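What follows is a short report on a single structure.
The values are calculated or read from the model by the stated rules, or taken from the named source; none is laboratory data. None of these values were measured; they are calculated from a predicted model. For neighbour counting, all protein chains shown are included, and Cβ atoms are generated from backbone atoms with ideal geometry for every residue, glycine included. Accessible surface is based on the protein model in full, side chains and every heavy atom, while ligands, DNA and RNA are left aside. Shrake-Rupley method; radii C 1.70, N 1.55, O 1.52, S 1.80 Å.
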Amino acid sequence: RYLGDWLDRPLAEITRAECLDRHRHVTEAHGGTSANRVMRTLRACWNSAQARYAELPNNPIARNGNGRRFPWNRTRRKRQPIPWADLPAWADRVDALENPIRRDWQWFVLLTGLRSEDARTIRWEHVNFEAGTLHRPKPKGGEDRAFTVPLSGHVLAILKRRKANNPVEFGYDDRGWVWPTWSRDGRVVHMQNPTQSEYYEDEDGNKRKRAVLPSPHRLRDTFASAANEAGVGLLTIKVLMNHVLSESDVTEGYIRPSEEHLRQAQESITAFLLDKANRKPEVVQEAAS
């Protein structure tokens, strides 16, 4: 998308001046965050190659010989939880979605705080209905950051509904994906694009597209805010959201919350969010086979 015209070039030919120019171009065309991400990805590829081929020149995106760092764009992480007064309207928009799989997925992300990719790539073997837990084998950070968390009863009810209804509502074998969809080449894959959009006409009569629901990361922000206001401790929130625990805090390094404690925290967060959304918890049915 951004470096396609470089694909056939030897890595050693790419210069710092070209990287600076491309970073500037992507910034102007697609924004500072995208430009930074492109160059950091290229930097990581270069570092991996350099570990194998010592003759490769110095990474042009690292500090140069004069000690000058790469001129990254200054960006600020968005922290935009859904205001509690707006949560009932969000719930109404979600419940109005035609696709039942996408309806359930939106609720699932809100009530678990999972990252988008973690939520979209769940397979049935990752869900333990008997234990009431979810395992993520390769989250952000790779296999070393794998984690298992208990789920609230309401979230388990959502998953059990998917287990029972996917074959009917999806109209095909879900191939083991909790949130199945079709790829462009006709294969059954996990949900690829979670964005919910609609078309509208602007003042000039041009057809445009706009999002009708917040991004999944805004739901993650909302989960964290709900956990805090529901009285869940900061360390417990970190564990539930798979954030890295502080290496500088000796006490924090000793603490490992029990599964029962985490389950109680999940129940508290779910109850808080459902209350703010003016929704009632679902009754957990018999465990899915």
Kindly list, by first and then second residue, each pair from a residue in segment 176-192 that is in contact (Cβ under 8 Å) with a residue 40 or more places away in the chain to a residue that is open to solvent by 20 Å² or more (accessible area, probe 1.4 Å) and in a loop (DSSP other than H, G, I, E, B), limited to pairs with Cβ atoms under 6 Å and residues at least 6 apart or on different chains. His190/Thr121
Since Ala146 meets every condition but one in (1) surrounded by 13 or more Cβ atoms within 10 Å (Cβ to Cβ); (2) in contact with a helix residue (DSSP H, G or I) (Cβ under 8 Å, 6 or more places away or on another chain), which condition does it not meet? (2)
Somewhere in segment 198-215, is a residue among the hydrophobic types (A, V, I, L, M, F, W, C) and at pLDDT 90 or above? yes
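Matching residues to (1) assigned to a helix (DSSP H, G or I); (2) open to solvent by 70 Å² or more (accessible area, probe 1.4 Å); (3) out of contact with any helix residue (DSSP H, G or I) (no Cβ under 9 Å at 6 or more places or on another chain):
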residue: Ala119; (1), (2), (3): yes, no, no
residue: Leu134; (1), (2), (3): no, no, no
residue: Val155; (1), (2), (3): yes, no, no
residue: Leu159; (1), (2), (3): yes, no, no
residue: Ala164; (1), (2), (3): yes, no, yes
residue: Asp173; (1), (2), (3): no, yes, no
residue: Arg184; (1), (2), (3): no, yes, yes
residue: Pro194; (1), (2), (3): no, no, no
Would it be correct to say that Val189 is out of contact with any His (no Cβ under 6 Å at 6 or more places or on another chain) and under 30 Å from Glu260 (Cα atoms)? no
Step by step: first the residues of segment 208-235, then only those that are assigned to a loop (DSSP other than H, G, I, E, B) and under 22 Å from Ile255 (Cα atoms), then the one that is least open to solvent (accessible area, probe 1.4 Å). Which residue is that? Val232
